[in-house]
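Notes follow the structure.
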Amino acid sequence: MLKLLRPLSVISSFLIFSFLLISGCESADDNQVSYSIPEQPEMSTGYTEKPGWVTNEFAVAAANPLATDAGYQIIQAGGSAVDAAIAVQMVLTLVEPQSSGIGGGAFLLNWDGEQVYAYNGRESAPAAANENHFLDENGETMPYRDAVRSGKSVGVPGTIAMLKQAHERHGVLPWQDLFTPAITLAENGFKISPRLNQLLAGEEAFRSDEIASRLYYDENNEARPVGYELKNPALAEILRLVANQGIDAFYQSEVAEDIVKRIQSHERPGNMTVADINNYPAQDFETRALCNDWKSYNICGFPPPSSGHIAIMQMLGIIEQVESVEVDFENGLMTAEWMHNYLEAAKLAFADRAKYIGDWDFVDAPAGDWNSLMEPSYLAERADLIGDQSMGTAEPGNPGETQAVLGVQPYQPESGTSHVSIVDRDGNMVSMTTTIENGFGSRVMSDGGTGLPGGFILNNELTDFSLTPVDEDGNPMANRVEPNKRPRSSMSPSLVFNRESGNALASVGSPGGAAIIHYTAKAIIGMYEWDLNAQNAINLPNFANFNGATALEENRFSSEFIESLREMGHEIRTQSMTSGIQAIQVTEDGYFGGADPRREGVVMGQ
């Protein structure tokens, strides 16, 4: 059991904790470690400059300081990168509930110095689901907003089951110890940050959920203010049960029953059953990472149902095939000529994504191999389509000898998510992207049947499926709903290696819906094409194209830059683009970590 340190003050307890760890005398029992609640600084919203962090022995990067600190303290206590990731995720469930949590899913990559292990904790559709899941009684597609805010959108949660299997292979500390930070904070309370307050204040549908309305809003239905000490007794109890009894306390319990009750009692009910939740942990969550070369690097990411790695490698590969253009960082910006090539490459990659990518247990890879989409010869063919003017909208390519009979999925909104990057003292490196999809997921909460105030938010991952099962010609969508199928994802947890030596170089990823692909690609290009450190690469202006109009981060590009792109035929929109990139680079002396100035994340280490 993780032994709590009851502090006289937050700062003094942290110093005592650090001294005990450094002296190696944290406990008379070698199996015990301590957790102290850290000081919580005021974190502003908007864009807050981050310094970048230099560490020597290990580093933890997460989207909230309390979550980062939980991982930090676990590694200080002798834990592995996977141990730290578990502690971080449990705290994120509490302090960043809008983005991820135990009611959602995650993809985790772990490098143990010899091999990359990939764990797929993506949510799945209920056994009773079918391709008409989001069609109404007239056969019409439900409005996206209604589909999200419903019981129909909830997939079987996968995070806890996946993390348990990863822990069994890569964990060092006892499973139950990893829950102590989150349990402690849920019982004692944490201060609501400006970001959480702002998101709660702007969310109307969440107020209608009986659990959420009592937990996050006051008697006047106003969001709890910044600095409010929020306690979540139900979550504390659920996490305590899972810590002490294992994942059966989630998947074979009253928690599962309550999840189903909440889903089926919704005004737009879903068809998930308790058996769906009971059966989820029976599978093997370990999958095969996709690792592909780019320049002098090898980049590893996830296969389908994630589309992230394939799209990123396609974009990088296509740009490499196009005649290079100069990049001018005098004003912290890339040139319009470079951006044109990137945007055209993005259109080509997203066209392939819309046609081919779906859960690989249900969808055949083109040419029998997902790597066919990233073959240099195929990318050269795609690069030949890029000219001096915008192509408008790209068509899917054909990497095989025969054309797949599939529809092209129309663009659907994606959002939410959080990313965690960690390197431990042994050099084990984790890249984990985790989500409940939309901000506040399905807007449905479960108290796990505890009857206590609070709980956790249920995901809306099933709206990552194509809401329409076929195209106008009746061709099926690769990403249509099917029983027990996992929806396509944009999550792009990535590990970068030196191609020649095989040494690990970086862990990187981001939240941001479909723009995750662009945010992660930007960071990789910045670090390993333009030789920027992680923080400066993250700080670069954001940009994205999903095979249509181009989005540029507002107030970050000059009018001349935008006009140059318009002259090349690009439709340009400027908007807020709130990435949440976390990255840790290996340096000669240790590590350099970066956190996105657009969110609350920080890096901690030693």
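No lab work stands behind these numbers, since they all come straight from the coordinates. Computed from a predicted structure; not experimentally measured. A quick note on method: Cβ atoms are made from the backbone with ideal geometry, for glycine too, and the neighbour counts reach across all protein chains shown.
Just a few scattered comments:
- A helix-only calculation puts the chain at -9000 deg cm²/dmol for mean residue ellipticity at 222 nm, using -39500 (n - 2.57) for each DSSP H run of at least four residues, averaged over all residues.
- In terms of surrounding Cβ atoms within a 10 Å radius of their Cβ, Cys300, Cys291 rank from fewest to most as Cys291, Cys300.
- Of the GluC sites (Glu not before Pro) found in region 465-534, those in coil by DSSP whose Cβ has at most 12 other Cβ atoms within 10 Å are Glu472, Glu500.
- Relative contact order of the chain, defined on C-alpha pairs under 8 angstrom at six or more residues apart (%): 24
- Among the trypsin sites (Lys or Arg not before Pro) in region 293-395, those located in a DSSP loop and surrounded by at most 14 other Cβ atoms within 10 Å of their own Cβ are Lys295.
- Label point of Asn279 set 7 angstrom out along Cα-Cβ; within region 447-490, amide nitrogens under 17 Å from it belong to 481-487.
- Most positive-pole-ward Cα, Ser507, Ala523, Gly158, against dipole of the chain from beta carbon charges: Gly158
- Shape category assigned to region 407-489 from the gyration tensor of Cα positions, a/c cut at 1.5: oblate
- Sparse-neighbourhood loop sites, GluC sites (Glu not before Pro) in region 392-437 - DSSP loop, at most 14 other Cβ within 10 angstrom: Glu401
- Cα gyration tensor shape for region 41-152, rounded if a/c is under 1.5, else prolate or oblate: prolate
- Gain on full stretching of the segment that runs from Arg288 to Glu219 - 0.36 nm per residue minus C-alpha separation: 19.9 nm
- In region 334-455, taking the dipole from charged Cβ atoms about the Cα centre, the farthest positive-side position among Leu373, Gly427, Ile386 is held by Gly427.
- The order of Val91, Val322, Val148, going from fewest to most other C-beta atoms within 10 Å of their C-beta, is Val322, Val148, Val91.
- Residue separation of Tyr47 and Ser208 scaled by 0.36 nm, minus their Cα-Cα distance, works out to 54.9 nm of gained length.
- Which label in [x] 45; [y] 36; [z] 19 gives the computed percent of Cα pairs over 41 Å apart: [z]
- Label-point separation in nm, Glu323 to Glu257, each point 7 Å along Cα→Cβ: 7.0
- Three-way shape call for region 200-286 based on the alpha-carbon gyration tensor, with the a/c threshold at 1.5: oblate
- Percent of Cα-Cα distances greater than 19 Å, calculated over region 369-434: 63
- Packing-based exposure ordering (other Cβ within 10 Å, fewest first) of Glu461, Glu320, Glu571: Glu571, Glu320, Glu461
- Legend: Rg and Dmax of region 91-136, from Cα coordinates, 15.8, 51 Å.
- Debye intensity ratio I(q)/I(0), log10, region 86-212, q values 0.17 Å⁻¹ (C-alpha model): -1.08
- Separation of region 352-379 and region 560-590, taken as the distance between their Cα centroids, equals 26 angstrom.
- For region 243-319, the fraction of alpha-carbon pairs in successive 5 Å shells from zero, as %: 3, 13, 15, 12, 10, 11, 12, 10, 9, 5, 1
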